[in-house]
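Student: The structure is given below, and queries will be raised subsequently.
The values are calculated or read from the model by the stated rules, or taken from the named source; none is laboratory data. Just so you know, these numbers come straight off a predicted model, no measurement behind them. Here the Cβ positions follow ideal geometry from the backbone for every residue, glycine too, while neighbour counts run over all protein chains shown.
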Amino acid sequence: MDTPRVSRRLMLGIPLAAVAAGGIGFYALLERMRSGAYNPQEFNNPLVGHEVPDFTLPGVDGNQGFDRAALIARKRPVLVNFFASWCIPCVGEAPYLRAIAKSGLDIWGIAYQDKPGPLALYLAKYGNPYRRIASDLSGRVAINWGVYGVPESFLIAPGGMVRWHIAGPLVPEIIESQLKPALRRLS
Amino acid sequence: MIPTLGHFALALALAIAAAQAVIGLFGPMLRDRILLRAAPALAIAQFLMLGAAFAALVWAGVVSDFTVRNVAEFSSSTTPLFYRITGTWGNHDGSMLLWCLILSLCGATVGVFGTNIPSSLRSRVLGVLGLVSGGFLLFTLTVSDPFRRIWPPPLHGAGVNPILQDPGLAVHPPILYTGYVGFSIAFAFAVAALIEGRVDAAWGRWVRPWTLVSWVFLTAGICFGSLWSYYTLGWGGFWFWDPVENVALLPWLTGTALIHSAIVVEKREALKTWSVLLAIATFSLSLCGTFLVRSGLLNSVHAFAASPNQGLFILVLLALTIGGSLLLFAFRAPGLAATGVFAPVSREGALILNNIFLCVIAAVVFTGTMYPPFVDLLFGLQLSVGAPFYDQAVLPLTAPLILAMAVGPMLPWKRGAIGPALAKIWYGAVLALIVFAFVLFRGHAIAALGLAGAAWVIVGALVDLAERVRLFRVPPGQSFARLFTLPRAQVGAALGHLGFGVTVLGIAGMTLRVHTVTVLHPGQSVDLGGYRWTLDRISPAQGPNYQARRATITVTRHGRLVMTMRPERRFFTAQKVKTVAAAIRTNGVRNMFATFAGEDNSGGGEFRFNVHPFAPEIWLGGLIMALGGAISLSDRRFRVGAPVRSKLRKPAGSATV
């Protein structure tokens with residue numbers, strides 16, 4: 001076979017090579033989606049990979065509040081959950097939060113723009129999975145954390161580093177596919 | 001009972017598709033006459049089975065059979081009948097079934113109407129279609145089963161996503177899917193031709209009408225989708241470069257290139273390898289469009305929730321379909337030699353130019369769409385590619401396309417000269433320059449360019465038609481008569497170009513839009529775009545399954561009443577979802593747009609008002625393009641099986657083409 005013919009053959013093989021490369025890339029993406037390392041739908045919080053911002057919030061309804069120092073001082077991971085009694089998806093994630101708390105991961109709640117009265121009713125009705133509940137009445141701390149809406153949860157590593165984040169309710173699918181792998185990576 | 005029958009029909013369709021693939025592909029090798037005849041019959045049978053399955057699913061939706069998970073999750077007892085029907089394809093599993101139904105319809109159409117195609121080629125085409133169909137039916141049946149049951153059934157279903165509860169959107173997926181899936185026929189022709197190792201003028205003639213049909217549907221589908229996002233989402237934009245929109249645009253771009261390059265194959269037996277590659281690429285892009293978005297790999301507002309497991313299945317299917325065909329291409333394409341030779345300046349040259357620009361635009365859009373996930377994969381960076389990238393990258397590529405578009409049809413085949421072609425459309429150039437200068441003088445550079453381009457293309461298309469009917473050279477009556485005796489493909493082509501020009505006009509006009517966001521209390525008004533918008537009142541209103549707050553706005557110009565607009569905010573009680581129904585009024589050359597964004601405690605409402613000059617032309621142009629395609633499709637050469645018509649009346653001095 002003469003050279004032009006060989007080069008023509010090679011040229012006509014280019015589409016196949018390109019598609020093969022693309023296919024491998026997509027496979028890698030899918031695998032990373034499965035392991036929870038990649039989520040195209042996610043509005044990634046800029047805090048992930050950084051230390052929690054400075055804040056101090058009072059407790060509410062007899063619960064202990066917390067601040068940045070308390071998160072940094074912890075020796076075990078903690079899940080910080082922004083929620084509100086007026087938030088319907090929060091009701092949806094409440095049973096799963098209880099399950100998470102039972103499995104041994106501490107959850108610290110931040111009640112976003114919520115009044116003590118409705119909050120107490122909410123906790124009485126849907127259970128209280130929280131070790132501490134701080135009140136962010138003005139919503140300013142939520143802004144500093146880059147919260148997109150309630151519910152929203154942050155996994156904080158010992159030392160105060162934000163390791164994982166989810167905007168939206170913690171449902172079993174996400175707990176299994178993302179939260180647990182993230183927790184495993186911490187330990 | 002009925003859903004079980006549907007499920008069974010679906011399984012039967014899979015078996016038939018498998019038979020169609022095996023017999024279709026291997027029948028021609030055995031040269032068995034009976035086997036050659038089997039493929040069309042199997043294709044029709046497969047369509048009938050899928051039709052039955054689809055009808056069963058629709059039936060389950062109509063009677064609100066909540067034991068079917070698909071119905072329980074996406075329909076409810078309060079949903080109006082129309083949306084109970086359309087809801088069956090408004091979700092992942094149901095839309096998969098619709099997708100397979102249309103694919104089998106394509107096969108059945110080839111089986112019924114493809115009588116002029118040699119039986120071995122037809123058998124192979126149907127075999128390829130059966131293979132593709134079998135793969136996706138297997139997917140539907142195993143991991144995306146629309147007939148999955150739940151027990152105990154819920155009392156009321158969850159209901160249709162309110163945003164999908166819109167007549168435009170309800171009919172949009174079937175049209176768009178027909179466009180996407182229709183390219184499977186061109187794909188099957190390409191693969192069959194590669195198997196046979198022969199691509200000739202006849203291949204170009206067979207493949208073009210099928211491509212044209214899907215192109216017409218895809219054009220209309222994109223048009224509908226854009227119109228829908230324009231009026232439903234209430235943002236006042238018509239194209240957002242969202243991944244879902246991009247993946248619909250990609251096969252449109254390469255499909256447009258294909259219908260042009262297939263002409264060259266048909267007339268001149270050149271560009272054969274290229275056309276085969278385009279046919280494969282167009283359907284591959286359609287597949288990617290339907291499935292990459294579904295797998296959730298691309299971030300989009302339109303994405304269906306799908307698990308990565310389904311994504312993997314789809315990826316394997318895509319790899320087999322696309323990879324397999326390209327492997328075949330790599331081995332067989334070197335044997336396809338071009339026979340027609342031509343000079344760079346010629347009709348063929350112009351068509352190649354068209355192909356180059358369309359494909360480069362497609363490459364740019366493809367890169368922009370795929371860049372974010374791949375950059376994340378390779379470098380761990382998160383970024384998004386937005387409208388500014390596409391606007392800046394696509395505009396400069398569209399400009400030469402527009403320039404060449406008016407000249408191309410004036411050039412003769414084989415060898416031409418730019419001079420005489422330009423001489424024919426000099427008034428187009430003059431008009432474009434006048435428009436450009438006029439708009440530029442008023443301070444809108446981009447709009448000036450766009451409107452001038454639109455004028456150039458529109459005049460070019462009209463001149464093309466006028467030349468062909470010899471307007472002003474023969475008496476007007478004779479010109480008019482010639483319009484009907486012209487080959488319809490030529491009329492269609494001119495209309496297609498005209499429609500494109502009209503769309504460009506609309507898009508350019510949109511750059512001149514004005515809008516305002518304001519809070520109004522009843523009685524207050526605001527001035528925008530030469531109109532005065534006054535809020536009369538905000539009142540409650542009741543819909544079939546939603547409650548609404550309706551604002552009444554009077555629009556006046558120089559004190560005279562122009563119209564009353566009633567935008568709404570709707571609250572769907574079943575799903576607890578709010579949507580915004582914008583009020584849009586059009587007079588054909590500009591749109592008025594009022595959106596009711598919210599209410600405050602003091603009785604005031606927040607409103608967005610828009611005036612969009614030439615906006616209706618965006619979709620009018622799309623429809624003209626689709627119409628052009630349809631007219632071209634009715635050309636006598638394509639009317640399969642039609643007897644040769646005797647010449648009605650030979651016009652004087654007939655020398656066309």
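Student: Test A:Phe83 against the stated conditions and say whether it is at pLDDT 90 or above and among the aromatic types (Phe, Trp, Tyr). Let's see the steps before the verdict.
Tutor: Numbers: at pLDDT 90 or above: yes; among the aromatic types (Phe, Trp, Tyr): yes.
Against the criterion (at pLDDT 90 or above and among the aromatic types (Phe, Trp, Tyr)), A:Phe83 qualifies.
Student: Write out, first by first residue and then by second, each pair whose Cβ atoms fall under 6 Å of each other, whose residues are 6+ apart or on separate chains, and whose first residue, in the range B:340-366, is within 15 Å of B:Met405 (Cβ to Cβ) while the second is at pLDDT 90 or above and of a type in the set (S, T, N, Q).
Tutor: Matching pairs, first to second residue: B:Asn355/B:Ser261; B:Leu358/B:Thr256.
Student: Of the conditions (1) modelled with pLDDT of 90 or more; (2) assigned to a strand (DSSP E or B), B:Thr579 satisfies every one except a single condition; which number is it?
Tutor: Condition (1) is where B:Thr579 drops out.
Student: Moving on to the next point. Out of B:Thr564, B:Thr573, B:Thr595, I need the residue that is of a type outside the set (D, E, K, R) and within 28 Å of B:His444 (Cα to Cα). Which one? Outline the logic, then answer.
Tutor: On the way: B:Thr564 fails: within 28 Å of B:His444 (Cα to Cα); B:Thr573 fails: within 28 Å of B:His444 (Cα to Cα).
Result of the check over B:Thr564, B:Thr573, B:Thr595: B:Thr595.
Student: From the list B:Ala72, B:Ala53, B:Ala39, which residue is surrounded by 17 or more Cβ atoms within 10 Å (Cβ to Cβ), modelled with pLDDT of 95 or more and of a type in the set (Gly, Ala, Ser)? Give the derivation first.
Tutor: On the way: B:Ala72 fails: modelled with pLDDT of 95 or more; B:Ala39 fails: modelled with pLDDT of 95 or more.
It is B:Ala53.
Student: Please count how many residues of the range A:126-167 are part of a helix (DSSP H, G or I), under 21 Å from A:Ala70 (Cβ atoms) and not aliphatic (A, V, I, L, M). So that I can check it myself, show each step before the final result.
Tutor: Residues of the range A:126-167 part of a helix (DSSP H, G or I): A:126, A:140-144.
After this cut, where a residue has to be under 21 Å from A:Ala70 (Cβ atoms) as well, the list is A:140-144.
With the extra rule that they be not aliphatic (A, V, I, L, M), the set shrinks to A:140, A:144.
The number of residues fulfilling the criteria is 2.
Student: Tell me, please, whether a residue that is part of a loop (DSSP other than H, G, I, E, B), within 29 Å of the chain's Cα centre (by Cα) and under 21 Å from B:Thr142 (Cβ atoms) can be found in the range B:63-83.
Tutor: Scanning the range B:63-83, I find no residue that is part of a loop (DSSP other than H, G, I, E, B), within 29 Å of the chain's Cα centre (by Cα) and under 21 Å from B:Thr142 (Cβ atoms), so the answer is no.
Student: For B:Phe26, indicate whether it is over 23 Å from B:Thr321 (Cα atoms) and of a type in the set (Phe, Trp, Tyr). Walk me through it before giving the result.
Tutor: Numbers: over 23 Å from B:Thr321 (Cα atoms): no; of a type in the set (Phe, Trp, Tyr): yes.
So B:Phe26 does not fit the description; no.
Student: So, of the residues in the range B:326-369 that are outside any helix (DSSP H, G or I) and within 12 Å of chain A (Cβ to nearest Cβ), which turns out to be farthest from B:Arg198 (Cα to Cα)? Spell out the reasoning first.
Tutor: Quick first cut of the range B:326-369, residues outside any helix (DSSP H, G or I) only: B:336-346.
If we keep only those that are within 12 Å of chain A (Cβ to nearest Cβ) as well, we get B:336-338.
Values: B:Leu336: 7, B:Ala337: 9, B:Ala338: 11 Å.
By that ranking, first place goes to B:Ala338.
Student: Would you mind stating whether A:Leu123 is in a helix (DSSP H, G or I) and within 11 Å of A:Asp61 (Cβ to Cβ)?
Tutor: Values: in a helix (DSSP H, G or I): yes; within 11 Å of A:Asp61 (Cβ to Cβ): yes.
The answer is yes for A:Leu123.
Student: Shifting gears a bit: What pairs can you find where one residue is in the range B:430-451 and touching a residue at least 12 places away in the same chain (Cβ under 8 Å), the other is assigned to a helix (DSSP H, G or I) and not aliphatic (A, V, I, L, M), and their Cβ atoms are less than 6 Å apart, with a gap of 6+ or different chains?
Tutor: B:Ala432/B:Trp456; B:Ala448/B:Phe436
Student: In the range B:27-71, what residues are touching a strand residue (DSSP E or B) at 6+ places or on another chain (Cβ under 7 Å) and of a type outside the set (D, E, K, R)? Give the steps one after another, and end with the answer.
Tutor: Quick first cut of the range B:27-71, residues touching a strand residue (DSSP E or B) at 6+ places or on another chain (Cβ under 7 Å) only: B:60, B:67-69.
Across the range B:27-71, the qualifying residues are B:Ala60, B:Thr67, B:Val68.
Student: Got a sec? Which helices (runs of 4 or more DSSP H) wholly within the range B:375-450 have at least 3 residues that are surrounded by 15 or more Cβ atoms within 10 Å (Cβ to Cβ) and of a type in the set (Gly, Ala, Ser)? First the steps, then the outcome.
Tutor: Numbers: elements: B:387-407, B:418-424, B:426-441.
Ranges flagged: B:387-407, B:426-441.
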